[in-house]
Every structure is written in structure tokens, then in C-alpha cells.
1. Suppose R0 equals 41 Å; then what is the FRET efficiency for ALA250 and TRP13 from their Cβ-Cβ distance, rounded to the nearest 0.05?
2. Find the cysteines in the chain that fail to meet the 4.7 Å Cβ criterion with every other cysteine, and list them.
3. What is the helix-to-structure angle for 108-131, meaning the angle in degrees between its Cα long axis and the longest Cα principal axis of the chain, kept from 0 to 90 and rounded to the nearest 10?
4. Under 14 Å from the 7 Å Cα→Cβ point of PHE99, by amide nitrogen: which residues of the range 58-84?
5. With every protein chain present, what is the per residue accessible area of the chain (1.4 Å probe, Å²)?
6. Tell me the angle of helix 67-86 to the major Cα principal axis of the chain, expressed in degrees between 0 and 90 and rounded to the nearest ten.
7. Explain nothing, just compute: Karplus ³J(HN,Hα) = 6.51 cos²θ - 1.76 cosθ + 1.60, θ = phi - 60°, for every residue of the range 181-186 in order, whole Hz, x for Gly and Pro.
8. Using Cα pairs closer than 8 Å and at least 6 residues apart in sequence, work out the relative contact order for the chain, in percent.
Amino acid sequence: MRVDAFVEGPMLWAAFIIFIACVFLRITFFLVTVLKAGNQQNGIASEPLTVIFRSLVPFHMGLLRKPIYAVLRYVFHLCLFVVPIWLTGHIMLWSESRFGWEWISLPDPWADWMTIILLCIAGYFFLRRLLVKEIRQQSSTSDFFLLFVTSIPFLSGYFVTHGTLDGLGFLGNHIRTIHVLSAELMLVVVAFLFCRTRLDSEKCTGCATCESVCPTGTLDYADEGKIRNFYYRTSQCISCGACVKVCPEAAADLAHEIRFYNIFMPFSKEKIRSVELAVCKGCGILFAPEPLLNRIDRDIADDYRRYCSKCKKTQLAANFYTPASLQNQGKDEEVARSTTPESTLA
């Protein structure tokens, strides 16, 4: 069997089967998790139908926090979804297959422009991760790999439809095979691709604001001994961006990650952040995350910040009602009486 025939035959069908099976499993696990979670999470109304609807518009809560980035993400994913499904050449392949399926296609100029737009946005995302120091430090190798995997099928497909590389030897002769191989790789990668919440360890103070607004209970935390651990459940996340919107330190973000084992662990919780809890100087209880107090120390000079709320009140009261303060208070009252007119006292 020729290589190109194998790539466009058995390999292509295997990629489709893996993609469809994983998508089906993920949708099933998501629906089961949402329905099982009930109608209330963290005090926030969370009707299953509302949660499902919100999942169709990911990152909608992050629009105000990162408007330009959010719009570019929507445009990128729109092109990523529309072009492969409504491209004329792809529809022709389906109509000629054993299924005989066909539907209305996208005008070729539209498909070309959407392909170019997708490649430009992908290039912007790549340079943004490469050149902006803060974003580069948060990026992983899989972030760059993912941009490459999603761009190559569109770039090679553009060359195939326009014959741009004809006459360039090996590359020109095999560009169609490269296009199909890259598309198969993208299908398999997308099947195991998850949009997850990340907590930047350099910025996160452990305040748990993100957990308090999560509409589905995806984010959770537990104080275990001297450590506060934050947990994340992949199958429950709707990628709404609520955690991104409310984080006071801009430590929360949504990012794509390739996780093959998540398909087989749909209901497990993963630890994504741990912070040490501080000890109250008064009573010795654990009362606040250490990074949060360190963050407060940089901005506020307060002698009582290392006390819990109960001990803080006790210390304030003790300092206010010292013998010296009571003596001064008596002198102030005596002076006030001596300077007050007798008619007023009467």
C-alpha cells in the first residue's frame, strides 16, 4: 500500500474515531458531573441547563479583564471550527465517501480569508508568548507545540488549494500528504486537549476568591494541617473565566493543556496550588495564608496583621484601655469640666 493512500485512508479514519470517541466521552462525563453537582455550588445558583449554556460561551467572564485577548481567542476558535467543516474540498470528500454526506459549503474567498486570519492570530499568540517576559515565564512547551499543531493544517491546506508549492520538489509533491498528516495529528491532540485553570505560584496569595465565585465547584480548597491545598476537577470546568475576572492578583488564567490521562480520570480532583498558613501571634491558631500576609506587609504598616480577627480585637482593646490611657482620659474629662460654662453644666 502506498504511503499517501495509507495516510488518507486507515490513518485518517483512525484519527476520526479517536476524536469522536474522546469527544463523546468528555461530553458524557461533563453532563453527568453537572447533573450530579445539583443546583447549588458555593452559594451560587447553578442550574444544570444554565451551566451547559455557559459552557458554549467559554471565557465570557474574562471579557472585561482581557477584552482584546478574549476577542482574538473567539475569532481564532471560530475560524478553527468553521473552515475545516464548511470548506468545499472537505465536503466533496465526504460526498464521495461511503456515507455520501454533503452540505452547503463556505465560499472559497471566505475560507481563504478565515485561514489567513487564523494564521495571523496564531502568529500573534506565538510572538506574545515568546517576547512578553511575564507570559513567557507562564508558558510551557505544550503551549508552543499546540500553536504549531493547529497552524500547520491550515498553512499546508492553503498551499494545497492554491498550488503555491507546485514545482518545489519533495515539498511540492508531498504537500497534500503533509496536510492530511498534520490534520490527523491535530484531531488526536484536540481530543485530549483541555482548557484548564492555572494559578501562578509567583502571584497567587491563596486568598480563595477564585474558589468562592466558581459557579460549578470546579475549584475547591481544603486546609490540611498547616497547608491550604487548592483542587481542580477537569470534567466540571466550563472555562467561564470567573476565576480570571475576580482574582485580585491576576494570578488565575485559563490555558490549554494536552492531558492524555484526563480522559480516563474524569471525576478525580487534582492539586494545583498549595500555600502555607500563618500562625496567630496571640492564640496560635492557623488563620490566614502566609503569601496573603506577605502581600499585605508590602502595602500596609499594621502592628496587628499577624493576629487573627479575635486576637486583633483583644489587642486593640488592651492597648486602648491601658492604665496610662485611662489616666489621660480622666485628665481630659477634668479639663473639659473646668472649661465648660456653669450654665451649661446646670
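The values are calculated or read from the model by the stated rules, or taken from the named source; none is laboratory data. Owing to the predicted nature of the structure, the values given are computational and were not obtained by experimental measurement. With ideal geometry, Cβ positions are generated from the backbone for all residues, glycine too; neighbour counts draw on all protein chains shown. For accessibility, only protein heavy atoms count, side chains too; no ligands or nucleic acids. Shrake-Rupley method; radii C 1.70, N 1.55, O 1.52, S 1.80 Å.
1. It comes to 0.35.
2. By the Cβ distance rule, which asks for a partner under 4.7 Å, the isolated cysteines are CYS22, CYS79, CYS120, CYS195, CYS204, CYS207, CYS214, CYS237, CYS240, CYS247, CYS283, CYS311.
3. For helix 108-131, the angle is close to 40 degrees.
4. Of the residues in the range 58-84, 84 have backbone N under 14 Å from the label point off PHE99.
5. 59
6. Compared with the principal axis, the helix lies near 20 degrees.
7. Once θ is set to phi - 60°, the couplings for the range 181-186 become 4, 5, 5, 5, 4, 5 Hz.
8. After rounding, I find 19 percent.
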